[in-house]
Amino acid sequence: MLWVKLRNRKFGFKFRRQENLKKAIADFVCYERRVWIELDGSQHLNSETDKTRDQFFSEQGWLVLRFWNSELQENLEGVLETIYEACNSRPPQRAPKM
């Protein structure tokens, strides 16, 4: 559902899905703005692995956004607004060398 809104620059930014970065796979990533998006189910609740990975990528200059699957289902427009604002708030970047 989210990919339909993000793909082909419909959202104004180029996103890729299921992108492999440093042995971690992002659900969606925008290299130009260094925004990493994860859609999480209940198995991610209080995940130390996720916290460690988020911290690592934040230290590398990425903004990591996490949304619950239920949030996407119930508030797609709100999720899109958050992503759009996050992308617009970050300066354009060159593709990372990771």
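Here are some notes:
- Filter result for Ser47 (under 19 Å from Leu2 (Cβ atoms) and more than 13 Å from the chain's Cα centre (by Cα)): no
- Tally of residues being surrounded by 15 or more Cβ atoms within 10 Å (Cβ to Cβ) and not in a helix (DSSP H, G or I) across segment 67-98: 3
- Note on segment 12-26: residues that are open to solvent by 30 Å² or more (accessible area, probe 1.4 Å) and not basic (Lys, Arg) amount to 5.
- Scope segment 32-66; condition part of a loop (DSSP other than H, G, I, E, B) and either open to solvent by 40 Å² or more (accessible area, probe 1.4 Å) or in contact with a strand residue (DSSP E or B) (Cβ under 7 Å, 6 or more places away or on another chain) (or both); matching residues: Glu32, Arg34, Leu45, Asn46, Gln60, Trp62
The values are calculated or read from the model by the stated rules, or taken from the named source; none is laboratory data. Keep in mind it's a predicted model, so treat the numbers as computed, not measured. When we count neighbours, we look across all protein chains shown, and the Cβ atoms used for this are built from the backbone with ideal geometry, even at glycine. The area values use the complete protein model at the heavy-atom level, side chains included, leaving out ligands, DNA and RNA. Shrake-Rupley method; radii C 1.70, N 1.55, O 1.52, S 1.80 Å.
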